[in-house]
1. Being part of a helix (DSSP H, G or I) and farther than 20 Å from SER45 by Cβ is the filter here; which residues of segment 73-103 pass it?
2. Could you pull out every one of the helices (runs of 4 or more DSSP H) wholly within segment 267-384 that has 2 or more residues that are modelled with pLDDT under 95 and surrounded by fewer than 20 Cβ atoms within 10 Å (Cβ to Cβ)?
3. Answer yes or no: is there a residue in segment 7-27 that is acidic (Asp, Glu), more than 17 Å from PHE124 (Cα to Cα) and free of Cβ contacts under 8 Å to residues at least 40 places away in the same chain.
4. Scan segment 89-130 residue by residue and report those that are of a type in the set (Val, Ile, Thr) and within 27 Å of SER61 (Cα to Cα).
5. Kindly indicate which of LYS402, LYS406 is at positive phi, open to solvent by 50 Å² or more (accessible area, probe 1.4 Å) and either among the aromatic types (Phe, Trp, Tyr) or over 41 Å from the mean Cα position of the chain (by Cα) (or both).
6. Just to check your reading of the model, which residue among TYR106, TYR113 is in a strand (DSSP E or B) and farther than 30 Å from ALA233 by Cβ?
7. Does PHE183 count as touching a residue at least 12 places away in the same chain (Cβ under 8 Å), closer than 25 Å to LYS62 by Cβ and part of a helix (DSSP H, G or I)?
8. Does any residue in segment 313-335 that is at positive phi come within less than 8 Å, Cβ to Cβ, of a residue that is part of a loop (DSSP other than H, G, I, E, B) and of a type in the set (Lys, Arg) six or more places away or on a different chain, and which pairs are these?
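The values are calculated or read from the model by the stated rules, or taken from the named source; none is laboratory data. Predicted model, so just to flag it, every value in this text is computed and none were measured. All Cβ positions, glycine included, derive from the backbone under ideal geometry; neighbour counts span all protein chains shown. Surface accessibility is based on the protein's heavy atoms, side chains included, excluding ligands, DNA and RNA. Shrake-Rupley method; radii C 1.70, N 1.55, O 1.52, S 1.80 Å.
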Amino acid sequence: MIQKPKGTYDVYGNKGETFIALENVMKALMEKYNYEYVRTPLFESSELFHRGVGETTDIVSKETYDFKDRGDRNMTLRPEGTAGVVRSYVENKMYGNATIPVKTWYYGPMYRYERPQSGRFREFYQFGVEVFGSESPILDAEVISIPVNFYKLLGLKGLKVHINTLGDIESRTNYREALINYFKPHIDTLCEDCKSRFEKNPLRILDCKVDHDLDIMKNAPKIVDYLNEESKAHYESVKKYLEALHIEYIEDPNLVRGLDYYTHTVFEVEASVEGFGSQNVLCGGGRYNGLVEAIGGPATPGVGFAMGLERLLTALEYEHVDLTMNNGIDVYVIPMDNGLEYSIALTNDLRMCGFSTDIDSMSRKLSSNFKQADKLHSKFIILVGEEEVKTNILTVKNNHTKEEYKVKIEDIVDFLDEKLSDDCGCEECNHEN
């Protein structure tokens, strides 16, 4: 038997309904924030991720799916969303857009060759936003508010926002030199990854998962001591705007994130979920004012975040949050005698009028069809036999109350609209005709 590749999973049943529910919530939220959807290819030139994500990151150095296409070009399955969106921003000259800043959001599968574990897969889905064209700290706070509000809408509790600043290029350069001088006498005590990061990007040493509990890490220089006045002012404004949004935050001076392109604000959102374990970070992001330029575009400030849906699904399970609301279908059509073609046409018409409708395609017995209607949680059953076809008067049964009605075919839409509206008790639930 052929099985799915290691580190992947199938989506069906209740999980499929949950994914659709998550997509609906994120789409509605992005409309409220006035962000525009963007989609990029699943694979891009390998150079994009080497230049955009960074040579020293674990993603590029250890985890990418690289291949040569038939034109002998180096290609990579996208390991994250930001680099592709930035490439699209540059290639399509979105910086010429009259509506600045350009606010975008994306959603789709990403690929990383890493050890599969709880909430981590080699194919995973990521939701994120990218904003281009403004250095305003207002947007830093707005971007942080999006995942916070998203998680709140889903019903997650115990949210914690961790923030830090890496400062501008000048501040980062000064901090980099301080870290090199600090770690140089102790480099032999660090893991092999940290040794390789020492010259290329010493900030990444602070992100080490192996040595993070060592005293040398805890006593490392802090970026706040190397910020210039402009960077300090930006960071203070971000915190002020978060407070205005009533978002509580924790300042974490060791937070640097795992990608090379960040400047100024970096953040992570975690959930304190019982049983979730130490890997409780649900999303992260920050500002990247030099990334567009690095990928070949004009100097353009940017800020964004990304979240993995698999970790979120695990958190929702632990919190016993069920997003699926299977209220069943509106109508189940049962063909009888010579009523099949009539029933097929009726089913199609009802669907096009906005009613969720299914039809017996298995030629079941009437008793079995009633059981099938119950399994589908159908609110109404329509029986179509020779008499119904001849008179154009349908036999309609309320599957909850068991009341039976005779309804003219031309009145069926209004009848169902009225009855379904009464059934849910909500004036806003009327179907579009």
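1. TYR95, GLY96
2. Output list reads 291-294, 309-318.
3. Within segment 7-27, not a single residue is acidic (Asp, Glu), more than 17 Å from PHE124 (Cα to Cα) and free of Cβ contacts under 8 Å to residues at least 40 places away in the same chain.
4. First pass over segment 89-130, keeping only residues of a type in the set (Val, Ile, Thr): 90, 99-100, 102, 104, 129.
VAL90, VAL129 - these are the residues of segment 89-130 that are of a type in the set (Val, Ile, Thr) and within 27 Å of SER61 (Cα to Cα).
5. Going through LYS402, LYS406 in turn, just one is at positive phi, open to solvent by 50 Å² or more (accessible area, probe 1.4 Å) and either among the aromatic types (Phe, Trp, Tyr) or over 41 Å from the mean Cα position of the chain (by Cα) (or both): LYS402.
6. TYR106
7. yes
8. GLY328/LYS379
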